[in-house]
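Notes follow the structure.
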């Protein structure tokens with residue numbers, strides 16, 4: 001379901017990052033509290049804290065990488081998905097590989 | 001001064017490093033590094049020993065990994081290693097080449113990038129995307145991969161690249177403009193009468209002769225070739241070899257007439273060493289005559305191939321020759337190919353081998 005709504009003001013959210021991602025950024029934590037208006041803004045905020053993290057999660061399609069899943073309050077999200085105050089965001093790797 | 005030799009090995013499940021000495025008889029294996037990502041190429045800056053590993057992970061995309069302590073710790077970056085928004089994203093780094101104070105990266109889909117800050121940030125040499133034939137490039141079996149990069153050791157301007165199923169291209173101006181250099185190389189799978197096109201040939205590897213930057217050897221999907229004019233024209237050197245198909249090529253570190261190939265049994269029968277007997281073929285006269293080198297290599301039941309970047313030489317005297325197989329074995333010759341030892345088996349599929357020689 002496309003989501004074109006725009007959140008105008010940042011919301012304070014809790015982000016859970018997959019261990020596979022945190023391993024790539026030794027200073028990162030698996031649970032992060034931050035402020036962002038959309039998933040796109042959330043990735044920018046992660047990148048500000050840990051430079052390079054956005055490139056690991058999104059590409060220039062533009063979009064979230066094909067084998068990365070972002071869930072906002074239990075629903076699969078896109079870059080444009082807005083965040084609500086208190087939202088829980090999971091950044092997970094998809095089933096993949098061989 | 002005693003020297004240490006390090007083999008830098010890329011595999012589809014991480015980078016590995018073998019540590020040895022100038023005898024090249026005893027080796028210690030370390031790895032997997034780079035979080036066991038698929039790593040297509042591992043190279044070193046011979047001046048300071050920094051190691052770079054290029055690859056891409058299905059989850060997290062492409063990156064160049066870097067180690068300044070011979071592999072003990074690694075960082076990674078892909079800052080700037082991107083195409084414009086809306087274009088097909090880069091999914092992997094396929095080749096690295098250190099030259100003239102910078103690092104080049106070839107990627108899939110085919111493109112060339114350069115870093116001048118030790119792989120922290122990258123700049124797209126986007127002239128290749130403006131090459132007039134670009135819209136007609138079609139990916140080969142491994143994708144639209146830019147897998148070989150050559151430069152002139154004495155001049156930073158000329159660059160040669162190889163792209164599977166597209167061919168060899170040359171830039172005289174550091175990557176601003178490019179021209180195809182495939183005259184004389186065949187495309188056997190094209191209709192009769194169309195087998196020598198301007199581009200579309202499937203180059204598998206390129207190797208520059210030492211001290212002779214205009215002499216380039218090429219293993220192609222369809223034949224083995226040598227050029228004496230920087231790739232403007234190519235002559236077949238496949239007579240005397242057991243097939244026209246193979247992937248890697250390597251040159252002797254000092255003798256421009258000596259070249260090594262590993263022909264396989266063709267492109268449709270498994271791509272194994274012919275008759276399941278392994279051999280490295282060496283020419284000492286720039287491809288006019290060939291001799292098979294088999295001592296120490298398996299001569300029964302060898303159903304492996306060797307991929308396009310998986311053979312290398314070192315700069316010692318006598319030269320060491322190294323190759324890694326699709327089945328995860330690494331073979332070493334410390335006597336220029338006369339005899340071989342297997343120093344590892346059961347590694348993941350080996351994509352590349354390069355060497356780093358440092359003073360002990």
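Picking from B:218, B:309, B:232, which is most flexible by a Gaussian network model of chain B using Cα springs under 10 Å?
In the Gaussian network model the winner is B:232.
Quick one: if you stick a label point 7 Å off each Cα along the C-beta vector at residue B:30 and residue B:85, how many nm between them?
A separation of 4.2 nm, rounded to one decimal place.
Please report how far the C-alpha centroid of the stretch A:24-72 lies from that of the stretch B:166-201, rounded to the nearest whole angstrom.
Cα centres, the stretch A:24-72 to the stretch B:166-201: 41 Å.
By how many nm would the segment from residue B:72 to residue B:269 grow when fully extended, if each residue of separation counts as 0.36 nm and the alpha-carbon distance is taken off?
Gain in length upon complete extension: 66.8 nm.
Taking neighbour counts of Cβ atoms within 10 Å as a proxy for exposure, in what order, fewest first, do B:100, B:221 appear?
Placing the least packed residue first, the sequence is B:100, B:221.
Count the DSSP beta bridges whose two residues both fall in the stretch A:11-93, then state the antiparallel fraction as a percent rounded to the nearest 5.
Of all bridge pairs located within the stretch A:11-93, approximately 80 percent are antiparallel.
Quick one: check the C-alpha center-to-center distance for the stretch B:231-270 versus the stretch B:1-42, whole angstrom.
Answer, in whole Å: 25.
Report, in cubic angstrom per residue, the convex hull volume of the C-alpha atoms of the stretch B:1-69.
Per-residue hull volume (Cα only) is 82 Å³.
Within the stretch B:299-313, name every residue whose backbone N is under 20 Å away from a label modeled 7 Å from Cα of residue B:277 along the Cβ vector.
B:299-306
Let's test the formula: R0 of 41 Å, r as the Cβ-Cβ distance of residue B:192 and residue B:342. What FRET efficiency results, to the nearest 0.05?
According to the calculation, E is roughly 0.40.
Anyone know which of B:284, B:130, B:66 comes out most mobile in the 10 Å Cα GNM of chain B?
So, out of B:284, B:130, B:66, the one fluctuating most is B:130.
Per Stokes-Einstein, at 20 °C and 1.002 mPa s, what whole-number D in µm² s⁻¹ belongs to the protein assembly as shown, with the Kirkwood radius over Cα pairs as the hydrodynamic radius?
D, rounded to a whole number, is 93 µm²/s.
Using Cβ contacts closer than 10 Å as the measure, can you line up B:208, B:1, A:16 from fewest to most?
B:1, A:16, B:208
In a Gaussian network model over chain B where Cα atoms closer than 10 Å are linked, find which of B:246, B:200, B:101 has the largest mean-square fluctuation.
B:101
Would any residue of the stretch B:75-104 have its amide N under 11 Å from a label point 7 Å out along Cα→Cβ of residue B:121? List them or say none.
Within reach of a label on residue B:121: B:79-80.
Over its Cα atoms, what ratio of radius of gyration to 2.2 N^0.38 Å does the stretch B:274-355 give?
This ratio for the stretch B:274-355 stands at 1.05.
Using 7 Å Cα-to-Cβ label points, what is the residue A:44/residue A:96 separation (nm, one decimal)?
It works out to 2.4 nm between the two label points.
Based on the alpha-carbon gyration tensor of chain B and its eigenvalue square roots a ≥ b ≥ c, which shape applies: rounded if a/c is under 1.5, prolate if not and a/b is larger than b/c, or oblate?
In terms of gyration-tensor shape, rounded.
Sorted from fewest to most neighbouring beta carbons within 10 Å, what does the list B:136, B:336, B:198, B:179 look like?
Taking fewest neighbouring Cβ atoms as first place, the list is B:136, B:198, B:179, B:336.
Determine the relative contact order of chain A: mean sequence separation of Cα pairs under 8 Å and six or more apart, normalised by residue count, in whole percent.
Worked out over chain A, it gives 36 percent.
Let's test the formula: R0 of 60 Å, r as the Cβ-Cβ distance of residue A:80 and residue B:294. What FRET efficiency results, to the nearest 0.05?
0.45
So what's the gap between the Cα centers of the stretch B:290-360 and the stretch B:76-148, to the nearest angstrom?
Value for the Cα centre distance between the two parts: 28 Å.
How well do other chains shield peptide A:14-23, expressed as the mean number of their Cβ atoms within 10 Å of each residue Cβ?
1
I need the Debye-formula profile for the stretch B:193-335: one equal scatterer per C-alpha, no solvent, reported as log10 I(q)/I(0) at q = 0.10, 0.14, 0.21, 0.22 1/Å, two decimals.
The Debye formula, applied to the Cα set alone, gives -0.31, -0.61, -1.37, -1.48.
In peptide A:49-59, what is the residue-averaged number of other protein chain Cβ atoms found within 10 Å of each Cβ?
4
Taking square-rooted eigenvalues a ≥ b ≥ c of the alpha carbon gyration tensor, is the stretch B:1-155 rounded, prolate or oblate, where a/c under 1.5 means rounded and, failing that, a/b exceeding b/c means prolate?
Prolate.
In nm, to one decimal, how far is the residue A:88 label point from the residue B:315 one, both placed 7 Å along Cα→Cβ?
The two pseudo-label positions are separated by 5.8 nm.
Give the shape of the stretch A:11-93 as rounded, prolate or oblate, defined through the alpha-carbon gyration tensor: a ≥ b ≥ c are the square roots of its eigenvalues, a/c under 1.5 means rounded, and otherwise the shape is prolate if a/b is larger than b/c and oblate if not.
rounded
Readers should treat all values here as calculations from the given coordinates under stated rules, not as data from a laboratory. Because the structure is predicted, anything quoted here is derived from the model rather than measured. Because the Cβ atoms are built from the backbone with ideal geometry, glycine has one as well, and the counts that use them run over all protein chains shown.
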